[in-house]
Amino acid sequence: MNVNIAKKNVLASLVYQVLTIIYVLIVPQIVLRSFGSEVNGLVSSLNQFLNYISLLEGGLTGVILAALYKPLAVKDYKKISGILKAANAFFRKLAVIFGVYTIVLAVVYPLVVHTSFSWGYVFSLTIIISLSIFVQYFFALSYRILINADQKGYIVYLILMLFMVVNFFFTILVVCVWNEIHVLKLLSTVAFLIQPVAFNAYVKKYYPLDKNVSPDQEAIAQRWDGFSQNIAFFIHSNTDVVVLTLVGTLTDVSIYSVYLLVINALKTLMIAISSSLAPGLGNALATLSKEKVNEVFDSYEFGISFLTVFIFTCGALLVTPFVGIYTKGIQDANYYQPLFGYLMMAAEGIYCFRDPYVNLAYISGKFRETAKYAYAECVINIGLSVVLVFRFGLIGVAIGTLVSMLYRMIAHMIYISKNIIDRPILKSLKCCVVFSCSVAISSGLVNFFIHRTANDYVTLVINAIGTSAIVMATMLLFSFFFYKNNLKKLIYALF
């Protein structure tokens, strides 16, 4: 890749991540304060049900990306055209299925979900929210994949940032003028049209595609190899909200979604860092001896583990005070849920902590061999969440998520140790024990030295600085005693 293009991609990605975090913290708060917890919970719930369309995709996006790399490198536009034509045909079939599913959902949802809103209110809101997803699959997705595959991610990020700015403007406009959730979501769909229009215009200008070429069905035939991982990710992202919608209340969904604003922001940051390092591991696996690969993996494992534990320990200690300030003045739900915050931070922290083990399996092409772990994770997550939600509510679904994440992490640790790099499982277990001890001690120190109650953002920032300093100092001390060489490598890499 051209160095200048690489710089553009990295810079655009970082700016987009920052804007996304700001956007997902501000816009839902505006909706929550303007329309109340039940509307916020209803919108979150409908979004989750409508996002089931991603399950039907079956991992096709990754397959298309992989298929496009080589023809883009040699500028084989006939091959590129065939791949995109096959992808477009599949996505359009998906859009039709989604349209039918949306109508069924719009009719049935208000009949089975406990809500104070009328059937017509929920039906119309469902249709309006679905339009943006329909537009994405029918008009925009394949061209967006093409631009990403051509190493021009900065173009995609710029378009997505433009959408966020326009959508934020519409949100403010609606709250000040109409104050109606249906109008807000309809204008959001209008803003979403920026994406397909911009992607289509860019591709038409820079890619001489042949519209008369035959669809390359062979290029997308391998999509089912990653289907189990797609199911596991989908269930991980959607189970809790669906269970709470069907068994709990929309107020519970609102509480859950507010906590997830912070948790998902941290998870997105960590996954982005891990994904940027994964290609180096893939190169090592392809070119180096097993001994060297083990050394590379040791560094990768330590770096991701260190950053994950630091970020999510601080997050667990600060998320409830943040939510208290974020929802200050809102009286229609109890947003003070510290145990729920701890459990969900732990669950998503484990999700990021295990990323090196899952990535190594994927890089090695072991999709089919590790599919059973993904399916087992789904069963555990759904089963425990459904059983425990009746007794423990929000805490129950958090426990279900935590246990399923822990299971798959351990399963992948064992698998890669035995089948890929001949690595003693004790190495991975040692990493878990050492960092778990640092979490326990640093949390105790924070609770002793930091007054964690905060009534405003200034106090929260001061507490966050103190919390981060204590957690970092504790982790550096543990790492110095147990991972001295890896700590040196991490510090060298950072600076």
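Where Rh is the Kirkwood radius over the Cα pairs of segment 335-379, the temperature 37 °C and the viscosity 0.692 mPa s, what D in µm²/s does Stokes-Einstein return?
Details: Rh = 12.3 Å.
Reported coefficient: 267 µm²/s.
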Revision key, fill the gap. Calc'd 3J(HN,Hα), segment 150-166, phi into Karplus 6.51 cos²θ - 1.76 cosθ + 1.60 (θ = phi - 60°), Hz, glycine/Pro = x, comes to 7, 6, 10, x, 5, 5, 4, 4, 4, 5, 5, 5, 4, 4, 4, 5, 5
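Can you pull the Rg over Rh of segment 427-490, Cα-only, Kirkwood?
On the way: Rg = 14.0 Å, Rh = 12.9 Å.
My calculation puts Rg/Rh at 1.09.
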Revision key, fill the gap. Taking the dipole of the chain about the Cα centre (Lys, Arg +1; Asp, Glu -1; charges at Cβ), the one of Val403, Val253, His114 that reaches farthest to the positive side is Val403
Practice item. Return the inverse of the average 1/r over all pairs of distinct C-alpha atoms in segment 313-439, which is the Kirkwood hydrodynamic radius, in Å to one decimal. Key: 16.3 Å
Exercise for review: Could you tally up the Lys pairs in segment 225-494 with alpha carbons closer than 22 Å? Skip any pair fewer than 8 positions apart unless they're on separate chains.
Suggested key: 23
Practice item. Kindly give Rg over Rh for segment 3-215, based on alpha-carbon atoms, with the Kirkwood expression for the hydrodynamic radius. Key: 1.01
Review point. If you take the square roots of the eigenvalues of the alpha-carbon gyration tensor of segment 225-494 and sort them as a ≥ b ≥ c, do you get rounded (a/c under 1.5), prolate (a/b over b/c) or oblate?
Key: oblate
Review point. Does segment 381-429 come out rounded, prolate or oblate by the C-alpha gyration tensor, with a ≥ b ≥ c the root eigenvalues, rounded set by a/c under 1.5 and, if not, prolate when a/b is larger than b/c and oblate if not?
Key: prolate
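Calculated from DSSP H runs of 4 or more alone, at -39500 (n - 2.57) each and per residue, what is the 222 nm mean residue ellipticity of the chain, nearest 500? Each step should come with its number before you reach the end.
Details: 20 runs with 413 residues, N = 495.
Counting only the DSSP helices, I get -29000 deg cm²/dmol.
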Exercise for review: May I ask you to sort Cys176, Cys352 by Cβ crowding, counting other Cβ atoms within 10 Å and putting the fewest first?
Suggested key: Cys176, Cys352
Exercise for review: Give the value in nm², to one decimal: projected area of the alpha carbon convex hull of the chain, averaged over all directions.
Suggested key: 23.8 nm²
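Going by how many other Cβ atoms sit within 10 Å of their own, how do Val213, Val107 line up, fewest first? Provide the component values of the computation, followed by the final result.
Values: Val213 17, Val107 13.
Starting with the residue having the fewest Cβ neighbours, the order is Val107, Val213.
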Revision key, fill the gap. For Lys70, counting only aspartates and glutamates whose alpha-carbon sits under 12 Å away and dropping same-chain residues fewer than eight positions off, the answer is Asp150
Review point. Rounded, prolate or oblate: which one fits segment 374-495, using the alpha carbon gyration tensor with axes a ≥ b ≥ c (rounded when a/c is under 1.5, else prolate when a/b beats b/c, else oblate)?
Key: oblate
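Coordinate-derived values only; no laboratory data. Bear in mind the structure is a predicted one, so any value in this text is a computation, not a measurement. Cβ sites come from the backbone with ideal geometry, for glycine too, and all protein chains shown count toward neighbours.
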